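Below: one structure, written as structure tokens.
Only the coordinates and a few stated rules stand behind these numbers; no lab work does. None of the values given here were measured: they were computed from a predicted structure. Here the Cβ positions follow ideal geometry from the backbone for every residue, glycine too, while neighbour counts run over all protein chains shown.
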Amino acid sequence: MKLKRYLKIYGALWKNSVVREMGFKTNFLLWIVVEMLWFALQLSFFAVIYTHTDRIGTWSKWQVVMLLGASHFIQQIFTAIFLTNCTQLSELIRTGKLDFMLLLPVNTRFMISFRQVDLGGFVNAASAVAVMLYAGRQLHLSPGWEQIVGFVLLAAVGILIHYSLMFLLASVSFWTVRAQGIVWGYYNLFNIARLPDEAFHGLFKAFFTFALPMLLIANVPARLLVRKLGSPFEMLLLLGMAVICLLVSEGIWRLSVRHYTSASS
């Protein structure tokens with residue numbers, strides 16, 4: 001019954017988001033165009049690189065295109081569901097609107113995390129799927145349903161990592177009031193997820209694998225599709241990092257709320 005109640009609430013939030021987006025159709029369409037141009041620029045960048053080399057590590061040109069598609073897909077689904085909500089947490093604290101949300105008979109983190117949906121993110125995610133399908137044809141891949149389901153699940157785990165880390169950083173707002181710089185700084189690190197993990201070595205690779213697991217988020221799902229996973233270790237590592245990030249995020253959130261004194265105090 002509790003799950004059904006939250007699904008109904010989320011449905012209502014979706015309805016409100018659709019009404020809001022349709023009220024600003026020009027902005028909605030322009031944002032989609034901007035994101036598609038940025039995605040095209042990323043593809044063009046690697047096309048230029050592959051005019052000078054055949055491989056990055058063991059990644060061929062079309063395998064990297066598959067990685068770019070997977071990374072863009074994960075980023076856009078995250079953007080559609082979570083980005084706006086995470087970036088607005090500091091504004092809720094500053095204006096005192098969080099006080100009202102804490103009084104609602106529903107989990108506060110749920111309301112903060114899901115209250116708005118960016119529909120343009122789903123359109124851009126569809127363009128990423130189209131690129132992945134084209135790359136798959138160039139690689140002569142015929143993934144079975146197990147690989148497709150596995151990719152979707154691994155992509156969901158990657159989105160969970162992005163969400164947990166960004167919500168954790170947004171929670172800094174309880175002490176600094178404004179934390180948009182930190183949150184958007186993390187968002188800019190998404191570009192690292194587009195790169196083949198074999199392009200990095202040493203401390204940099206270790207940091208972005210175990211501290212901020214950017215090199216796992218898209219590389220592991222893409223490796224599954226292009227059959228570059230030699231063992232389930234990387235999938236288990238991705239899942240383990242997601243659990244750790246979620247637990248740390250929840251711990252910081254609970255600590256922050258306990259020390260919150262409301263905007264009127």
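Details
- Evaluating Gly158 against the criteria (1) closer than 24 Å to Ile56 by Cα; (2) assigned to a helix (DSSP H, G or I); (3) of a type outside the set (S, T, N, Q); (4) out of contact with any helix residue (DSSP H, G or I) (no Cβ under 7 Å at 6 or more places or on another chain) leaves one unmet condition, (4).
- From the options Ile56, Ile9, Ile49, Ile32, residue that is surrounded by fewer than 14 Cβ atoms within 10 Å (Cβ to Cβ) and among the β-branched types (Val, Ile, Thr): Ile49
- Among residues of region 169-201, those that are over 21 Å from the mean Cα position of the chain (by Cα), surrounded by 17 or more Cβ atoms within 10 Å (Cβ to Cβ), touching a residue at least 40 places away in the same chain (Cβ under 8 Å) and not in a helix (DSSP H, G or I), counted: 0
- Residue ID - farthest from Thr108 (Cα to Cα), chosen from residues in region 144-168 that are touching a residue at least 24 places away in the same chain (Cβ under 8 Å) and small (Gly, Ala, Ser): Gly150
- Condition check for Val106: out of contact with any strand residue (DSSP E or B) (no Cβ under 8 Å at 6 or more places or on another chain) and either under 17 Å from Gln76 (Cβ atoms) or assigned to a helix (DSSP H, G or I) (or both): no
- All positions within region 210-248 that are in a helix (DSSP H, G or I), farther than 16 Å from Ser164 by Cβ and β-branched (Val, Ile, Thr): Val220
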